[in-house]
Amino acid sequence: MRLFICLLIIVQGSLAFAGTSQYLFLKKARNHYKNEVEKSSEPEKGNAAIDSALKTVIDSSDFQKAYSISCEIGIFLLEQGKHALALDIYNDIRQYLEAKTSKSKEDEKKISSMYNVIGAIYEETGLWNDALSMYLNSLQACNNTNNEAGKAKVYNNIGKLYFSRNELDKAEGLFEKAIVINKTLNKRQELFNNYNNLAGIYQLRHNSNRALEYALIALNQLDIKKDFYDLSIAYSNIGNLYQDLGNKPVALSYYEQAARLQGQHSFQIALIRSFTSISSLYQDMKKQDSATAYMIKSLKLVEKLRNPSQTLFVYKTAARYFNKIGNYKSAYDLYSKYVALNDSLEKLNSITKIEQIQTVYEVINKEKDNKILQQKINLQELAIQRQKIILITAAALFLFFIYFLFNLVRNNRRERNRNSLIMNQSELLHQQEKQLLMDQEQNLKLELDYKNRQLTSYALHLVRNNEFVQKTTEELKHILLDLNPRDKDRSERIKQMISDLHQYSSGNVWEEFRLYFEEVHQSFDKNLSAAFPSLSPNDKKICALLKLGLSTKEIASITFRELRSVESARNRLRKKLGLDPDVNIQLFLSHF
């Protein structure tokens, strides 16, 4: 993931500005910058572009230049780890813009950018809930002005916030939203950020191949002739992924490209990360001397830079490294420094939190004062109109009361007549509905009796057909036994006839019977299966025949089984149904 500073607004316009300004946020920004530079004994502590702008006298009424230099100073302070001072400047800019009575579209865009920057500061200092609130304010401002580019930046920042909370699915969805917008607007620089962040998600998911795919897509978005910082970040990330994949020579090549760019262009913070990455790679390659050399380089550079957050990272990484190689004294010293610095950073975060709460409290108090003042004005206006309103209201109430009494008498008379008519019609309708229900019930009963008779007739017809088929089959079998074995033609013909009869008797008859039965007794199979789920299809077939009132002998004839076999099946069925010997099974099945 890139540092949040890379996600800040792109400062527009020239940095050439100086002189006494009417903008208080610029005065505060200049004071914070000078105080920070004066505290340092190092000449390079300042920023040449800012120094030049502050020495040049330009029209002090130029808001755009005041805005640009103030934002640039804010970024400088963030790079120095002065989050509270930067927050102070950005909050003043936001409040100035929000207080304007007539805001242009550009003003709204700047307000959105300020919310985005402030959210990034809160995120950097660990105030995640406050950061999310600021990002949502920025998103709302972008929606109000149809600022699609701004929305994409906010989606990316909220995605980073969820990433830091390890809510990877939410983060991925937001990065993909940003990609859709930035593709439409052809924002290649922003696409680099989005794809690079997706690579970070898949690296955390331990899917290095997919992460490498996104990292290479991110690299393709950059201009190798000018995007030096982003190129160095991309090379470093790709090197890290190749290291995860075990391709150490390629990983080292990318790390070295990143370090070379960062050294050439003085990207000190990124260079520190590259040194620690190269040290880690040499550890994997079992080259302890090289690993130690790069770790020492990172320590020297971070102590020279004096960036608290980066110093904390290097101290912790170096302490672990020296502990691993057995240099316990160095490990102990570095860890002690890490603990002391970590405590001071936590204190700084607490201060930032207090300042934020105080700012919010002041805004709330101002809003309360405005509401109280408005209420006093409203009360005065109400007092002037109160007497007129009371007189008009009294007259209106009197007229309404007379009208109400007149309508009440008239409506009562109409209501009595209407209720009498409704009662008569309701009684007549009730009698008609009752008769209709009785007729329907009788018709359904007659229809059910008719279908039951048809179904029973069909079953008995099936019995007679089966008896005929069985008898004919037995006769043909006797004829076949009496034939001369040499009379093969007749023997084959008789066998074919027996086979045809078997097919006739065991074809689709049962399926037709089942469909017809379910049409008459629609819920029988469903209710029976629900009550006794262990019943087999054959058990259900016997239950259906018993429900029709067929005897054991008739069932035996229909199913081509011996009488004794059917009786055994019937006894087993009684056990499955849990029936006592004195319970009539046909009567029991009639309830389903």
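The numbers here are math on the coordinates, done by the rules we state, and not lab data. Predicted, not measured: the structure shown is a model, and the values here were computed from it. When we count neighbours, we look across all protein chains shown, and the Cβ atoms used for this are built from the backbone with ideal geometry, even at glycine.
How far apart, in nm, are the 7 Å Cα→Cβ label points at Tyr328 and Phe588?
8.2
What does the extension gain come out to for Leu579 and Asn143, with contour length at 0.36 nm per residue minus their alpha carbon separation?
Full extension from Leu579 to Asn143 adds 149.6 nm.
At a threshold of 8 angstrom on Cα-Cα distance, excluding pairs fewer than six apart, so keeping six or more, what relative contact order does segment 521-592 reach in percent?
Relative contact order here is 41 percent.
If the limit is 20 Å between Cα atoms, which of Lys526/Lys576; Lys100/Lys151; Lys110/Lys225 go over it?
Over 20 Å Cα-Cα: Lys100/Lys151; Lys110/Lys225.
For Lys488 and Tyr458, compute 0.36 nm times the residue count separating them, minus their Cα-Cα distance, and round to one decimal in nm.
Separation in residues times 0.36 nm, less the Cα-Cα distance, equals 6.9 nm.
Using a simple spin-label model with points 7 Å from Cα along the Cα→Cβ vector, what separation in nm is obtained for Thr101 and Glu433?
6.9
Set the Förster distance to 60 Å, then compute FRET efficiency between Tyr450 and Arg413 from the Cβ-Cβ distance, nearest 0.05.
0.60
From a point 7 Å beyond the Cα of Leu216 in the direction of its Cβ, which residues of segment 223-238 have a backbone N at a distance under 16 Å?
Flagged as within label range: 234-238.
How far apart, in nm, are the 7 Å Cα→Cβ label points at Tyr403 and Ile479?
10.4
Full extension from Asp62 to Ser551: what is 0.36 nm times the residue separation minus their Cα-Cα distance, to one decimal in nm?
The Asp62-Ser551 span can extend by a further 165.3 nm.
Given a Förster distance of 22 angstrom, what is the FRET efficiency for Lys225 paired with Arg260, based on the Cβ-Cβ distance and rounded to 0.05?
Efficiency computed from Cβ-Cβ geometry: 0.90.
Could you compute the FRET efficiency for Lys248 and Arg320, with r as their C-beta to C-beta distance and R0 at 25 Å, rounded to 0.05?
E(calc), rounded to 0.05, equals 0.80.
About the Cα centre of segment 521-592, what is the dipole size in debye to 20, counting +1 per Lys and Arg Cβ and -1 per Asp and Glu Cβ, all else neutral?
Here the size comes out at about 160 debye.
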